[in-house]
Amino acid sequence: MAESAPQVTLTIEGAPVTVPKGTTILEAAKQAGVLIPHYCYHPGLPVAGVCRMCLVQIEGLPKLQIACATPVAEGQVVNVFQPEAVEARKGVLEFLLINHPLDCPICDQAGECELQDYVFREGRAQTRYTPAFAKRFNPVEDFGPDVLYVPNRCILCTRCVRFMEHAADDAVLNVSERGDRALIGVHPDRQLDHPWAGNVVDLCPVGSLISRDFLHKARAWELDKTASICTGCSQGCNIGIETRQNTVVRLRPRPNDAVNRYFMCDHGRLAYRWMNRGDRIEAPLVRQDGALVAADWDEAVRQAAELLAGAGGDVVVLASPRASTEALFLARAVAGAGFRGAFRVERVAEEHPLPGVHDLALRGERAPNVKGALALGYAERFADQVSELRKGSVALVLDEALDGVAPEALAAVPHLVYVGTVLPDVARGAAVVLPVTTVAEEDGTFVNRDGRVQRYFQARSGPGMARPAWWALGELRAALGRGEPLASCAEAFALLTDEVAGFAGLTYEGLGMHGAVLGAHAPAGASA
Amino acid sequence: MGYPHRPHPKETVVLSQYFGDADARTYAGWVKRGGYAALQRALGMKPGEVVDLVKASGLRGRGGAGFPTGMKWSFMPREKTKPHYLCCNADESEPGTFKDREIMRWTPHALLEGCAIAMHAIQAEVGYIYIRGEFTEPIRIMQAALDEAHREGVLGANALGSGRPLDIWIHRGAGAYICGEETALMNSIEGRRGNPRIRPPFPAQAGVFGLPTTVNNVETLTSVPAIVTQGAEWYQKLSLSNPKSAGTKLFSVCGHVARPGNYEVTMGFPLKDLVYDLAGLRPGRTLKACQPGGSSVPILNREESEACLLDYEGCVAQGTMLGSGGLIVFDDTADMVYQIMRLARFYAHESCAQCTQCREGTGWTVRILERILSGKGAMSDLDLLLDVGEQMTGKTICVLSDSCAVPVVSGIRKFRGEFEAYITGARKPVLAVA
Amino acid sequence: MQATGGYQPVFTGDRRARLDEIRARYPTKRAALLPALWIVQEAHGWISDAAMAEVAETLDLTAAYVKGVVTFYTMYHQHPVGRHFIQVCGTTPCNLCGAEGVIHAFLTHTGCRELGATSPDGRFTVVEVECLGACGFATPVLIDDDFIESVTPEGVPGLLQRYP
């Protein structure tokens, strides 16, 4: 908001709050540290004002008002916990519970359910409805492909309907019928197959819209949640990785107004299973008597450094744009003066935008750090680079699965150092293999398509002796006498900002939780 | 007068003068009876002048809310920068009310004339008459009148030769009481579910299609031509008691009466006379209760009914409201508990489902009342009904929720004995509920 | 729109022309939805999922949106009904005047076993509806498009004979 926008000062629960004119009381209350209970309101959707949960008392007005739709006024005095308002919200909760089944023991939403939360806070402890009356019953519906609808639990907040209509511009959900017969409905000709439809499960305050993928997999309170960045494409949606006993069970979006607001696409959301792969390289490997054998890190680093030192600067780096910015930077540092770096990225013709959000789409460029690779001098010429391997002395492969690369092509280079998570057959002729962690198992940064450098954090522990690539390459760099070993990702990033002009001025702490955009000095490169 | 009866001497016949007179339906018949002179005069006035005239007359909305009509028109932007719209609310669905139907089927041109004058006043070129889908006969008759009006040049590109375009279209509803709420009506015209809107914005700023709109009831609009020809003072004088309530009103008297029908009386007319004298009770019966303004207003017992003067303030003084003027009469044979339950079923059926209190509360209210009527109720159910009613009042987007609670709460307060009789078993159950 | 076997599009020829004329009355296509649905019901007797899809395509709306509107308004039939559709008012003012007896008489003399069901010979469907706005002419009944006032239980058999 512009500094010059007119400000309004009001009192909420006795505390003075100053916000821009036009702010709703509900949003202003957040600033005062007051959460006004609500369901249908969501900052990413148009206001509906239907759930009636956010009723507050405004001094001077005879009737309670809904905070989500009432703009602040100068001198307004708002009482959220005034008796009449509390009674009214208690009333709403009671009305919601008369038909809502006591499904908590079998409902996925338990533990992260806004109905549970507010009932505990402000609702009645006893029902006045059962056993005199039976609750409404409707069977579960499959809205497909990933979304199930449990009508009995639905509180008709209409967040899902408004999301599909306004954010996705694909009104495939409706409210059907009237009165207490009303339910969310679809037309048989269309499933809920929009590329961004999975967000309705996040938006549903209760366990009515649920994910088939997540069905009965874990309890919300068992989950550890860590901030990360989606690797599905170059949009760089902010996500949370949720794990249970070190297994990734769910990805969900994390709010970032500058990138993805509150949403992520289904392609990214459902592509987490690879993070739990068991066939990982668990120890450093060196060649002995013609075969790869496990070694410790010191030995593997020593041997790799020896190869790199003997290359005379003739090192080719084949990197993946899924590698972290720090790893890509250090791979370049390790390659030395004659660095030639190449990457490839899957490019899909069609983008899938979320029209209701500015500049947000599942991008055709299906990797998270293309811009980072380009900014660090890597070129998108993987196939050509592979065909030129015979000219080099050492190939350093960073996190690339090498699908489709012919063994003969790799055999053309005298020495191969493979830095990766899974060892492909075609790389079994490598001289040294260094096991590294995935995005879920380390800290790091990616640069999204808009040049935003964003941090991700370690969500689970990596297998065996796998270490972050920035650490492994930092060790290599130190073994080559080009600097001290690096003790943290922050140190790696600091080094990066010192040595790469395009990253000047950024600090690891300054990236915060929402990232920072690269300066204008980043070399221009082809991007989707 | 209230077709099919003869006018009663105590009536003041203005709007209902031609009820029962088939000739008045035609353009020629209407002109013969002085029709469209008012429109001619109004078109010669400035829009603002017409607004001021209606303001001065004291005409108030006849659909139920009683909002001063001239003031409502004055909310429209004075300077026209985008299209303005008039919506005529012919959704008449308030139980007990059947006056707009009669206006449309006997004097369709009177309504068209009122609409056209209003459109001139609010600078609208397009008007929609939203007629409920069940009113097949009024729709046919209104459409025929519209066709005539176009043929005769009263409406169309050059209304009555004024150079101004005035187009009126009929928009047929499809079975939803809630579409009588003005913002739900606008949503229905837009091709949406008939959900009332949160306000602000108000219709005069952003109404149908997001453009400045005024919504008026059929009876309100039909009252306008006579004000134009006979003046504001004349209309003001048509009041027996109270200057804030002027003019005549059609009261749709129904239920336990001998001569149900629409009776046109001046504001302030005694309810007692309307019920005992004009409509009359059935032989041998006594008055138990009534709702003077449709099913959404508090029920009056006999004493209150006999003391009530029929204008906006008079009804409020007795703890009820004039509402739509749909006067439902309950005599001593009426089972108040059963009828209140039947009303609750009405509201539960018609709830649009947006607001939690209404969606769930109407159904819950029905179920508790059915339980009482089936002999399974408890005294605590009465407190529960009052509590549920309290939570349904003053907390929702529109007042359908309040309207369900009103007869329940006033019914329990004034006829508690009848409820208790079912609960104690003094009265045998009349429903079988699982 | 999927072409389901046997579905006859509604908006061709005259009906298409009618719809186009109606659309011109409003600044948006969406506003022609209720009138379009009436045209469908006049043509087919009810509004099927396929018909909703056709209307949606014609007015640039989604089929789900159209369905949400159809299910809101009780006069649109979502399944086939009897040759003659009978709507009897049962709300309080008519209830006070014996509407329940009239409803019962209709159920009895049409052969419909219950409200909402179609008679075995396919001739009638009887439903109870809310206030029809003719409370002074209790009990009012809509049979197809005919609005009939002051119906009594005794008059029902004779009335039904007019609807073969």
Residues that are touching a residue at least 40 places away in the same chain (Cβ under 8 Å) and within 30 Å of A:G49 (Cβ to Cβ), at least 2 per element: which helices (runs of 4 or more DSSP H) completely within the stretch B:324-434 meet that? B:336-350, B:356-373, B:400-424
Quick check on A:L115: is it within 13 Å of another protein chain (Cβ to nearest Cβ), under 27 Å from A:N260 (Cβ atoms), open to solvent by less than 20 Å² (accessible area, probe 1.4 Å) and part of a helix (DSSP H, G or I)? yes
Condition set at the interface with chain B (Cβ under 10 Å from one of its Cβ atoms) and without any contact (Cβ under 8 Å) to a residue 24 or more places away in the chain, scope the stretch C:120-147, selection nearest to B:C254 (Cα to Cα): answer is C:G136
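So that you can scan it fast, the table gives a plain yes or no per residue for (1) more than 23 Å from A:A367 (Cβ to Cβ); (2) open to solvent by 60 Å² or more (accessible area, probe 1.4 Å); (3) touching a residue at least 40 places away in the same chain (Cβ under 8 Å):
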residue	(1), (2), (3)
A:G179	yes, no, no
A:G185	yes, no, no
A:V201	yes, no, yes
A:C204	yes, no, yes
A:E222	yes, yes, no
Checked the stretch C:118-164 for anything among the β-branched types (V, I, T), closer than 16 Å to C:C89 by Cβ and open to solvent by 50 Å² or more (accessible area, probe 1.4 Å); matches are C:T152
Checking B:G96, B:G29 in turn, the sole residue that is of a type outside the set (A, V, I, L, M) and under 25 Å from the mean Cα position of the chain (by Cα) turns out to be B:G96
Only one residue in B:S380, B:S401 is at the interface with chain A (Cβ under 10 Å from one of its Cβ atoms), open to solvent by 20 Å² or more (accessible area, probe 1.4 Å) and within 20 Å of A:I98 (Cβ to Cβ), so which one is that? B:S380
Looking at the stretch A:323-343, which of the residues that are surrounded by fewer than 24 Cβ atoms within 10 Å (Cβ to Cβ) and part of a loop (DSSP other than H, G, I, E, B) is modelled with the lowest pLDDT? A:G338
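Does B:I117 count as assigned by TED's automatic domain parsing to the domain that holds B:M104, closer than 25 Å to B:E79 by Cβ and either in contact (Cβ under 8 Å) with a residue 12 or more places away in the chain or surrounded by fewer than 20 Cβ atoms within 10 Å (Cβ to Cβ) (or both)? Walk me through it before giving the result.
Values: assigned by TED's automatic domain parsing to the domain that holds B:M104: yes; closer than 25 Å to B:E79 by Cβ: yes; either in contact (Cβ under 8 Å) with a residue 12 or more places away in the chain or surrounded by fewer than 20 Cβ atoms within 10 Å (Cβ to Cβ) (or both): yes.
Answer is yes for this residue.
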Residues of the stretch B:76-108 satisfying the condition of being part of a loop (DSSP other than H, G, I, E, B) and either hydroxyl-bearing (S, T, Y) or in contact with a strand residue (DSSP E or B) (Cβ under 8 Å, 6 or more places away or on another chain) (or both): B:M76, B:T81, B:P83, B:H84, B:D91, B:S93, B:E94, B:P95, B:G96, B:T97, B:F98, B:T107
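Restrict the check to the stretch A:56-70 and report whether at least one residue is modelled with pLDDT of 95 or more, acidic (D, E) and within 29 Å of the chain's Cα centre (by Cα). Please lay out each step first, then the result.
Within the stretch A:56-70, the subset modelled with pLDDT of 95 or more is A:56-70.
Of the ones still in play, those that are also acidic (D, E) are A:59.
Going one step further and asking which of them are within 29 Å of the chain's Cα centre (by Cα), we end up with none.
For the stretch A:56-70, residues modelled with pLDDT of 95 or more, acidic (D, E) and within 29 Å of the chain's Cα centre (by Cα): absent.
Out of curiosity, is B:G361 under 17 Å from the mean Cα position of the chain (by Cα) and either modelled with pLDDT of 95 or more or surrounded by fewer than 24 Cβ atoms within 10 Å (Cβ to Cβ) (or both)? Walk me through it before giving the result.
Working: under 17 Å from the mean Cα position of the chain (by Cα): no; either modelled with pLDDT of 95 or more or surrounded by fewer than 24 Cβ atoms within 10 Å (Cβ to Cβ) (or both): yes.
Taking the combined requirement at face value, the residue does not satisfy it.
Which of the residues spanning the stretch B:364-377 are facing chain A (nearest Cβ under 9 Å) and open to solvent by 10 Å² or more (accessible area, probe 1.4 Å)?
To start, the set of residues in the stretch B:364-377 that are facing chain A (nearest Cβ under 9 Å) comprises B:364, B:367-368, B:371, B:376.
The answer is B:R367, B:R371, B:K376.
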Could you check, for the stretch A:38-50, whether at least one of its residues is more than 17 Å from A:R159 (Cα to Cα) and in contact with a helix residue (DSSP H, G or I) (Cβ under 7 Å, 6 or more places away or on another chain)? no
Within the stretch A:470-479, identify whether any single residue is under 29 Å from A:G364 (Cα atoms) and open to solvent by less than 40 Å² (accessible area, probe 1.4 Å), and answer yes or no. yes
Residues of the stretch C:36-60 satisfying the condition of being open to solvent by 20 Å² or more (accessible area, probe 1.4 Å) and under 24 Å from B:L211 (Cβ atoms): C:D60
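Results for (1) in contact with a helix residue (DSSP H, G or I) (Cβ under 9 Å, 6 or more places away or on another chain); (2) buried (at least 24 other Cβ atoms within 10 Å of the Cβ); (3) within 13 Å of another protein chain (Cβ to nearest Cβ), shown as yes or no for each residue.
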site	(1), (2), (3)
B:V218	yes, yes, yes
B:V224	yes, yes, no
B:H256	no, yes, yes
B:P260	yes, yes, yes
B:D277	no, no, no
B:K288	yes, no, yes
Condition broken by A:L26, with the remaining ones in (1) in contact with a His (Cβ under 7 Å, 6 or more places away or on another chain); (2) surrounded by fewer than 21 Cβ atoms within 10 Å (Cβ to Cβ) satisfied: (2)
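Per-residue answers, yes or no, for (1) within 13 Å of chain C (Cβ to nearest Cβ); (2) more than 21 Å from the chain's Cα centre (by Cα); (3) among the small types (G, A, S); (4) open to solvent by less than 10 Å² (accessible area, probe 1.4 Å):
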| residue | (1), (2), (3), (4) |
| --- | --- |
| B:F135 | yes, no, no, yes |
| B:R151 | no, yes, no, no |
| B:L160 | no, yes, no, no |
| B:T214 | no, no, no, yes |
Filter the stretch A:50-65 down to the residues that are crowded, with 20+ Cβ neighbours inside 10 Å, in a loop (DSSP other than H, G, I, E, B) and facing another protein chain (nearest Cβ under 7 Å) and list them by number. A:V50, A:C51, A:R52, A:L64
Spot the failing condition for C:N95; the list is (1) away from every other protein chain (no Cβ under 12 Å); (2) at pLDDT 95 or above, and only one is missed. (1)
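Which residue, of A:Q288, A:Q235, is of a type outside the set (V, I, T) and surrounded by 18 or more Cβ atoms within 10 Å (Cβ to Cβ)? First the steps, then the outcome.
Details: A:Q288 fails: surrounded by 18 or more Cβ atoms within 10 Å (Cβ to Cβ).
The unique qualifying residue is A:Q235.
Need a quick list: helices (runs of 4 or more DSSP H) entirely within the stretch C:1-76 having at least 2 residues that are more than 14 Å from chain A (Cβ to nearest Cβ). Explain how you work it out, then say what you get.
Working: elements: C:13-23, C:33-44, C:49-59, C:63-72.
Because the criterion is at least 2 residues that are more than 14 Å from chain A (Cβ to nearest Cβ), the helices (runs of 4 or more DSSP H) in the stretch C:1-76 that meet it are C:13-23, C:33-44.
Looking only at the stretch B:59-75, count how many residues are in contact with a strand residue (DSSP E or B) (Cβ under 7 Å, 6 or more places away or on another chain), open to solvent by 10 Å² or more (accessible area, probe 1.4 Å) and assigned to a loop (DSSP other than H, G, I, E, B). Spell out the reasoning first.
Pass one, the stretch B:59-75, residues in contact with a strand residue (DSSP E or B) (Cβ under 7 Å, 6 or more places away or on another chain): B:60-64, B:66-69, B:72-73.
Narrowing further to those that are open to solvent by 10 Å² or more (accessible area, probe 1.4 Å): B:60-61, B:63-64, B:67-68, B:72.
Keeping just the survivors that are assigned to a loop (DSSP other than H, G, I, E, B) gives B:61, B:63-64, B:67.
The qualifying residues number 4.
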Mind listing whichever residues of the stretch B:195-212 are surrounded by fewer than 23 Cβ atoms within 10 Å (Cβ to Cβ) and more than 13 Å from every other protein chain (Cβ to nearest Cβ)? B:F202, B:A204, B:Q205, B:A206
Assuming B:E181 fulfils every condition listed in (1) open to solvent by 10 Å² or more (accessible area, probe 1.4 Å); (2) over 26 Å from C:T74 (Cα atoms); (3) of a type outside the set (G, A, S); (4) more than 13 Å from chain C (Cβ to nearest Cβ) apart from one, which condition is it? (2)
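The values are calculated or read from the model by the stated rules, or taken from the named source; none is laboratory data. Keep in mind the model is a prediction, meaning the values are calculated, not measured. Cβ: placed from backbone, ideal geometry, glycine included. Neighbour counts: every protein chain shown. With ligands, DNA and RNA removed, areas are computed over all heavy atoms of the protein, side chains included. Shrake-Rupley method; radii C 1.70, N 1.55, O 1.52, S 1.80 Å.
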